[in-house]
Each structure stands twice: as C-alpha cells, then as structure tokens.
Amino acid sequence: MYQSDYTQPNILLIVTDHWSAGLLGAAGHPVVRTPTLDQIARCGTRFTNAYSEHPVCIPARRSLMTGTSARDHGDRTFQAKLEMPAHLPTMAQTFRDAGYQAYGVGKTHTYPQRDRLGFDDILLDDEGRTHHGVTDDYEIYLGDRGWLGRQFGHGISNNGYEATSWHLPEEAHATNWATDAMCRIIRRRDPKRPGFWYLGYRHPHPPLVPPERFLRFYDGVEMDEPVTGDWCDDPELPLLLQAYRARYSYSPKEGAWARRHFYALCTQIDQQVGALFGTLREEGILDNTIVLFTSDHGETMGDHGIWAKQNFYEPSANIPMLMMGVKDCSCIAAGATDDRLVCLADIMPTLLDLAGIDIPESVTGQSMMSAPREHLYGEFGEGELSNRMVHDGRHKLVYYPAGNRSQLFDLERDPEERRDVAADPAYGNVRGALTEQLVASLYGSDLEWLTDGELVGLPNRAYRPAPNRGLGMTRGHQWPVPPVNPGGLMNFFPETPEET
C-alpha cells in the first residue's frame, strides 16, 4: 500500500436530512437504534447545543456550504431557484484551493442542480427533482440496472408521513447508493493529496420507505409518544404556529407507524456509516481522517401537534453534531459532550481550522475550537409566516411577528418545552435580555416589526387551511422523464382564498 506523504488530515463530512439531535442512543433516546453513531460519539465529541439556524433544507445547506447566515447568503425562505452567491467561497472550493481533492455524493439541494459548489465532482441525488430539468446520478444508476423511472414506485409522498417499506432491492435504495458511491470515491482517491469528502444522505427525510429488514429491528417495540406543551391549547396561537399544526393531522396509530419507519431509516443510515468506516480503516486512512456527522435540520415528529421542520422547537432546530478527530487528537476530546452553542455555519470554519487552512473573510460562523458564543440567532420565513429564535445556551426565545408573540423556554428545567415561561416574572430579566438581542439582530423587512425601537410585530389572524392538492409532492413514474415544470414548486402552507 502506498504510504501517503501529506500531513494534513482527510475530512469526511456526513450530512443527513431531518435528523434531530435526540435521535441517538448516545443522547438517551429510548427507542432508536444507532450503534455506529454511538460509537463515533464515544470516540469523539457530541455537541449537545447544535442548531440549524434556518431549519429548512435549502437555507440550511447554504449556511453549511458557505459558513454564513441568511443575512449574507440571502435565503431565509427556501428559494429553490436562487443560485449560490458567487462572492461567497464555498467550503469545498476553499479546501481545493488549499490542495485538497474534494468530492461530493448525494443531496446538495442547490440550483442549478449541477452546480458543483467548488467540488472536483459531485455524484448527485436530487430526490428526483426532474421538474427543474436534470436527471441526477442516482436516477441514472437505477436506469443502468433496469429500474429506470421506478424510484417512486412506492407511491409515498416526499413531504408526508404515510409510510411503507422499500419496493426495490436494498442495493437500489438511495442510502445504499450514496454509501457505495462514496466508498468507491475514497478507494479511487489520489494518495498524494488529502481528501475533503461530503456525503449527503437524503433520508430520514420522507418518503418514509426503509428496507424491510430495518423495520424488523422495531418489531414489537413500543414507540415513544409525542409531547405536548401546556401552551398548545391557546385559542390565539400566532398564524405560523396555526399553520404548522394544521398542515398534518395523524392519529396516534398513524403517528406510531410513521415513527417506526422513520427510525428504521435512521438505523439504515447508521449501518451504512459503519460500512463507510470499514472502507476508511481498510484503506489505512481512518487514523488520519476527521469525521463530522450532522443534519440540515431536525424533525418535530408530532411534538406539540407539529410535523416536519421550519420551526425552532428542539426536535426541529436542535441537530446532531458528532465530531471525531484524527488518532490521538488533542483538540477533540474522546467520549465528551460539549454544550457550547454551535450551528451549521460553524462547520466550515471548524474543519478549515482543524486542517490548518486560513478561513475566508466572508465566513461569519466561528470555529468550534474557539471561545464559545453567548447567543445564537435563527430565522425562517418573512412577513407574517415567519419566526425567529434567540438562544443563550440555556434559555430560548421563539418569536412570531404575527400577534407579536414571544415564547420563552428554560431548556435546563424543561428540555421538552412543555412550559412557556415568557409571562413568568421570575424570567423577566432573561426575556428582556433575549428580546434586546432579537431586536438587534433584525434586518430587512423585519424592521417593519419595530416602532421606535420596540417590537410591535404584525396583526395576527386565523389560518385558513386548504386541501393539499399536490399530496405533499408525490412523484409519478420517472420514465419517460417528466417535463420541466415551472409550476412544480411546493407550497408549504396552502390556504383557501379570503372571503370578500
């Protein structure tokens, strides 16, 4: 075997979709099975206060790839056809400029879809978004093996929680394809240069279609139940919170069914990560590889009557952040937990820092090896269908402009956010300090929520739910390839027209 002569570490960045921080055995989850990730946590550091500062796919991934927040990259609303800002150097490009080989596999959720984001190459799994005009590499793989156009033959929505088992051979599953592709890339690496490898798993994001054998892990296992805050019965919930709660409605039986399939997808990824580690070890590079495992955002999974993401409650915004250093690493402790506030924008400067590469001036995130931050700001949406977060490491303020509504949670005493203490006089100083931080963080159209420097928000109203005509973006057969469809974008919160 060729002995490499480079001294910089290899970097393996694994990014899932819809994975909450609590969905790990290492985090004490009572049901989900994640033995591989638990072992990685024992070999490295688990950051318990890691957050998606924009908890929805595209804005979150912009922050990940550029090390910046929406204030800089320009997307806090899920702009599916907004190109990555050309003036912001990406993580991959920065590693390449420093002499790294940089390859990606899986989901990137960028536009145009074949934007390489600074990588030497990307093998793309774009979840079948052919309505934008591209047939991705995963679909090409299926076609080459006789499964052309059949990836959505299960009939399950990409944005719903109905569930079934995977309908093709396990090797054809997107999780297995992505792992196999990354293993091949690692085996075909240039042995004279360090590697930066990005693996983007599309799951456990719906459709909830795990292979049958992973469902069997949960046979006879009682599912954990969603939690409900005492604030949920408020008849005057802010508009966006009404919309969250109206979007999906599942019975306890249906919810347990969805959880079982969701957890099976997590266990499948966990097992495939094990195969990836086997490749690193067999290639003789595991001891010189930094591994970081995270997610673009979490999944609320029925807590407080909410499914999916886009909110700042813990299951949606708090994400896994596991980091394992090179062998005998002095700066990433083994078996440790770290409660500092970190976010997706911090990943780029952290990995560059560990590799000894200068961090671009455009980066606004900060290395996890530096002094902890005091506050973290998060944002999703604009106008009346938006919310904001300010977190100080223990207390979290969630703000809805519609109705000028603030919620405050003491996560040390109430980690499940069952009790809103915003009106509790004992938390007056905390609320005041976090509100001041919120006001200082507002920009753009958010400034309309202020009068003479004070938060006044926007009028609240009743949400008018409409039927989901697109059935949560269910997909048809992909052969012949569907046409480009400018109207094929999803509507997060369909409403009936206002009566006149």
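Numerical summary
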read-out	value
Filter pass, VAL430 being among the hydrophobic types (A, V, I, L, M, F, W, C), in a strand (DSSP E or B) and under 23 Å from ASP230 (Cβ atoms)	no
So GLY255, is it over 26 Å from the mean Cα position of the chain (by Cα) and not aromatic (Phe, Trp, Tyr)	no
Verdict on ASP287 being closer than 30 Å to TRP231 by Cβ and among the charged types (D, E, K, R)	no
Residues (more than 22 Å from the chain's Cα centre (by Cα), within 16 Å of LEU12 (Cβ to Cβ) and not in a loop (DSSP other than H, G, I, E, B)) located in the range 97-131	GLN101
Residue in the range 430-453 that is of a type in the set (A, V, I, L, M), surrounded by 22 or more Cβ atoms within 10 Å (Cβ to Cβ) and more than 18 Å from PRO55 (Cβ to Cβ) present	yes
Entirely in the range 132-244, the helices (runs of 4 or more DSSP H) that have 3 or more residues that are touching a Gly at 6+ places or on another chain (Cβ under 9 Å) and either touching a residue at least 40 places away in the same chain (Cβ under 8 Å) or buried (at least 16 other Cβ atoms within 10 Å of the Cβ) (or both)	137-144, 174-187
Long-range neighbours under 6 Å by Cβ, at least six apart or interchain, first residue closer than 14 Å to TYR218 by Cβ within the range 266-278, second crowded, with 18+ Cβ neighbours inside 10 Å and of a type in the set (Ser, Thr, Tyr)	GLN268/THR175; ASP270/THR34; ASP270/THR36
Restricting the range 454-474 to residues that are touching a helix residue (DSSP H, G or I) at 6+ places or on another chain (Cβ under 9 Å) and either hydroxyl-bearing (Ser, Thr, Tyr) or at positive phi (or both), the residue that is surrounded by the fewest Cβ atoms within 10 Å (Cβ to Cβ)	GLY457
Test set (1) part of a loop (DSSP other than H, G, I, E, B); (2) over 20 Å from GLY200 (Cβ atoms); (3) without any contact (Cβ under 8 Å) to a residue 24 or more places away in the chain - TYR6 fails condition number	(3)
Meets criteria (aromatic (Phe, Trp, Tyr), touching a helix residue (DSSP H, G or I) at 6+ places or on another chain (Cβ under 9 Å) and closer than 18 Å to LEU199 by Cα) for PHE78	no
Any chance ALA423 is modelled with pLDDT of 95 or more and either in a loop (DSSP other than H, G, I, E, B) or closer than 30 Å to THR135 by Cβ (or both)	yes
Residue in the range 81-94 that is surrounded by 23 or more Cβ atoms within 10 Å (Cβ to Cβ), more than 18 Å from the chain's Cα centre (by Cα) and assigned to a strand (DSSP E or B) present	no
Residue check, ARG71 part of a helix (DSSP H, G or I), at pLDDT 95 or above, out of contact with any Lys or Arg (no Cβ under 7 Å at 6 or more places or on another chain) and more than 27 Å from THR7 (Cβ to Cβ)	yes
Filter pass, ARG413 being part of a loop (DSSP other than H, G, I, E, B) and surrounded by 13 or more Cβ atoms within 10 Å (Cβ to Cβ)	no
Among (1) closer than 29 Å to CYS266 by Cα; (2) touching a residue at least 60 places away in the same chain (Cβ under 8 Å), the one test that PHE409 misses	(2)
Residue satisfying condition, being of a type in the set (Phe, Trp, Tyr) and either in contact with a helix residue (DSSP H, G or I) (Cβ under 6 Å, 6 or more places away or on another chain) or within 28 Å of THR108 (Cα to Cα) (or both), within set TYR250, TYR244	TYR244
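Residue-by-condition table, conditions (1) more than 24 Å from ASN491 (Cα to Cα); (2) touching a strand residue (DSSP E or B) at 6+ places or on another chain (Cβ under 9 Å); (3) of a type outside the set (Phe, Trp, Tyr); (4) at pLDDT 95 or above:
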site	(1), (2), (3), (4)
TYR111	no, no, no, no
HIS132	no, no, yes, no
GLY149	yes, no, yes, no
TRP177	yes, yes, no, yes
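Residue-by-condition table, conditions (1) under 22 Å from THR45 (Cα atoms); (2) out of contact with any helix residue (DSSP H, G or I) (no Cβ under 8 Å at 6 or more places or on another chain):
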residue	(1), (2)
GLN268	no, no
GLN272	yes, no
LEU276	yes, no
LEU280	yes, no
ASN288	yes, yes
GLY298	yes, no
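The values are calculated or read from the model by the stated rules, or taken from the named source; none is laboratory data. These numbers come from a predicted model, not from an experiment. Neighbour counts run over all protein chains shown; Cβ positions are idealised from the backbone, glycine included.
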